[in-house]
């Protein structure tokens, strides 16, 4: 074994050189690091070359730039169309397009400032080459878009219309398919427009639609057996004077019901078939009952059509699932057979209980509305019975109207007593059994309404009729007769003599109650009947205690 070599110190020259190199490098590193950072990881909110929505923002005003671009996008004009028909112009903002400015600004500022060193350097290098753009990333807010699209749907959606039978001409009216706007697809299309580059002054939004077939085809309807009349009913109306437009409304509503087919177990809605009572749907302004008063509204007269339909449904044995009586007895149909309808809240709904289809046939001839229910056979006979249970007194309402003479009073509405009745439907089936259905209707009293000058003394008006009292109609009771009708004004006193304090004049066209007793002193007051204040008929003022009809 050789002994270890003796220790000999080095000369020291290489060690000094090594320390000099290290010190020099240490002095250069900070400057080099700063240079590399400035080159690959620059300061500021945005890295050089970055664009937002395709454009480089000026300076560091990032938020203001994004807000401006978002406003330009949401103000972009859109031509809305459906099935090739232009509906109007709106903006993308109207259609619910919104931009989250905070999110876009945060994404832009994050480029080159997040992640590890290598990822940040790579992002800066790509931005310098124009490879990074931060989009506005708009979205559609359903809370804004849906209400607008629903309003468009209300006017543009088209319901399918089933084929109908034209019984009068022995032909079939073909069906028509329906089509509706797809709201979800419309919002997706809107977003696609917002994401696309701007092209021209306005973009076009063709609302996506979905078609669907009618429930009954002409081939099916033409094969139906409708030779039997299950029930029929007539009501009458006037076309003279202010009733002319009401008569035209009856024509329109009756035509919409003619040829209506109800399949077995099918439910049909009067409002669904006749539609909105609007001028666009063919109806005109006319007198109608609203909140207990006669007012002028669009569609007056449709209740008579509904009542006549209710009558043939009643006597035809259909199920009457929804029906309300009028607020007063009708002059054209007995109490208990009428039906009131108000689009879209008050409806009449019927169901066909038979194993075969039935068809509604309507015909208007002059002042007569005729309706039939037809089918393959007549399975049931029906008896209608109505009993008057109670009569309720009506009150008086005084309305002051500026501009009226102190001695001129307008009778705006005649008073009609209220009635509570019992309705019974008895169905007699072919196999010998019968079914009895009983319920009650209430017709509230109709207030007598006067329009008078401000400050008029109501005591100068005639008193209410003496028989206008609440009355339970018992088995031996008969409704009292209405008060006599004044056909002419009382005679005037001689010109030379002063007018007596009791003089109360009635307009000759006013079928009102007799004037007040002569011992009630009052100045002369002229009562004029207002438009729409039609005197109650006998059926309204003095209805019989019982009514029985079998069909």
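The values are calculated or read from the model by the stated rules, or taken from the named source; none is laboratory data. Everything numeric in this text was worked out from a predicted model, so none of it was measured. In this analysis, Cβ positions are derived from the backbone assuming ideal geometry, glycine residues included, and neighbour counts consider all displayed protein chains.
Tabulated data
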item: Per-region count, the range 137-169, residues closer than 30 Å to residue 47 by Cα and at pLDDT below 95; result: 1
item: Strands (runs of 3 or more DSSP E) enclosed by the range 145-185 - at least 1 residues per element that are within 16 Å of residue 205 (Cα to Cα) and assigned by TED's automatic domain parsing to the domain that holds residue 209; result: 178-181
item: Any strands (runs of 3 or more DSSP E) falling wholly within the range 189-285 and containing at least 1 residues that are within 30 Å of residue 77 (Cα to Cα) and touching a residue at least 60 places away in the same chain (Cβ under 8 Å); result: 202-206, 209-212
item: Qualifying positions in the range 271-284 - crowded, with 20+ Cβ neighbours inside 10 Å and more than 15 Å from residue 159 (Cβ to Cβ); result: 277, 283
item: Enumeration of residues in the range 336-353 that are in a loop (DSSP other than H, G, I, E, B) and either in contact with a helix residue (DSSP H, G or I) (Cβ under 8 Å, 6 or more places away or on another chain) or surrounded by fewer than 20 Cβ atoms within 10 Å (Cβ to Cβ) (or both); result: 337, 338, 339, 340, 341, 343, 344, 345, 347, 348, 353
item: Hey, residue 373 assigned to a strand (DSSP E or B) and either within 30 Å of residue 524 (Cα to Cα) or in contact with a helix residue (DSSP H, G or I) (Cβ under 7 Å, 6 or more places away or on another chain) (or both) or not; result: yes
item: Hits in the range 354-372 - residues which are within 17 Å of residue 169 (Cα to Cα) and in contact with a strand residue (DSSP E or B) (Cβ under 6 Å, 6 or more places away or on another chain); result: 359, 360, 361, 362, 363, 370, 371, 372
item: Filter result for residue 373 (buried (at least 22 other Cβ atoms within 10 Å of the Cβ) and more than 29 Å from the chain's Cα centre (by Cα)); result: yes
item: Condition check for residue 5: surrounded by fewer than 11 Cβ atoms within 10 Å (Cβ to Cβ), at pLDDT below 55 and part of a loop (DSSP other than H, G, I, E, B); result: yes
item: Flag for residue 274 being modelled with pLDDT under 95 and touching a helix residue (DSSP H, G or I) at 6+ places or on another chain (Cβ under 7 Å); result: no
